[in-house]
Structures are given as structure tokens and as C-alpha cells.
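Below is one structure, written out as C-alpha cells, with a few remarks after it.
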Amino acid sequence: MNATGNMSNTIELDSLPGTRKEDSIINEVYRNLAKGRVLTTLDAVKSNRTVCLGKYISLLRNKYQIAIKDKWIELENQKRIKQYWLAK
């Protein structure tokens, strides 16, 4: 696994080892996080890729030892969801 970048936001990413498809959901989640994006469960649902973002975050943390931080946020409608991002 390789994520390199600089301040100009040019990043080269390899697929996660052990994943079969480069366009798999877990690879997409990883690449988005590695690009510095903050993801929420709503982002995953809106992209029509998964309703189980937490499952992929857990796999990235436990199987691949990727340091992912999270926090609860409150939406305008008083509902709470989690945000995820890569620890620096």
C-alpha cells in the first residue's frame, strides 16, 4: 500500500493488498481518505456505493492498520452521524 503526496494535492495510490478489484468499495474509501477527504455515512449513501461505510472503516483499521480518526457530528435535523478522516 502506498500513499504519497505533497501540498499540491498530487497523490499516487496503490490498491490495498489483498483486494481483488481496484474499483472495489474498500479501495474507493481508502483512496478518498488518502486524498484528505472527510467522509460520512451520508457521503457513502449518496454516492450509491454502500450503506455500510462503518464496515469498510473497520476493515481498514483492523486488517490494514490504517489510522482513521472519527467523531460524531450533529446534522441540522438533530440526527448524529460519524465523520471519518486519516490521522496525520
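Going by the structure shown, is Lys21 exposed (fewer than 12 other Cβ atoms within 10 Å of the Cβ) and modelled with pLDDT of 95 or more? Spelling it out, it is not the case that Lys21 is exposed (fewer than 12 other Cβ atoms within 10 Å of the Cβ) and modelled with pLDDT of 95 or more.
Quick one: is Leu42 within 13 Å of the chain's Cα centre (by Cα), under 14 Å from Asn27 (Cα atoms) and not in a loop (DSSP other than H, G, I, E, B)? Answer is no for this residue.
Return the residue satisfying two criteria in turn: it lies in region 76-88 and is assigned to a loop (DSSP other than H, G, I, E, B) and among the charged types (D, E, K, R), and of such residues it is nearest to Leu33 (Cα to Cα). Steps first, answer last, please.
Filtering region 76-88 for residues assigned to a loop (DSSP other than H, G, I, E, B) gives 76-79, 87-88.
Those left that are additionally among the charged types (D, E, K, R): 76, 79, 88.
Working: Glu76: 24, Lys79: 23, Lys88: 11 Å.
Here the residue is Lys88.
When region 48-88 is filtered for residues that are modelled with pLDDT under 90 and surrounded by 14 or more Cβ atoms within 10 Å (Cβ to Cβ), the ones remaining, listed by number, are Arg49, Thr50, Tyr64.
Contact map, region 47-58: residues that are more than 15 Å from Trp85 (Cα to Cα) paired with residues that are at pLDDT below 90 and of a type in the set (Asp, Glu), Cβ distance under 8 Å, separation 6+ or inter-chain. Pairs shown: Arg49/Glu28. Among the residues of region 59-74, the ones that are more than 25 Å from Asp23 (Cβ to Cβ) and touching a residue at least 24 places away in the same chain (Cβ under 8 Å) come to 1 in all.
Residues considered: Ile57, Ile73, Ile66. Of these, the only one that is of a type in the set (A, V, I, L, M), closer than 13 Å to Tyr30 by Cβ and not in a helix (DSSP H, G or I) is Ile66.
The values are calculated or read from the model by the stated rules, or taken from the named source; none is laboratory data. Please read these numbers as outputs of a predicted model, since none were measured by experiment. Cβ atoms come from the backbone with ideal geometry, glycine included; neighbour counts cover every protein chain shown.
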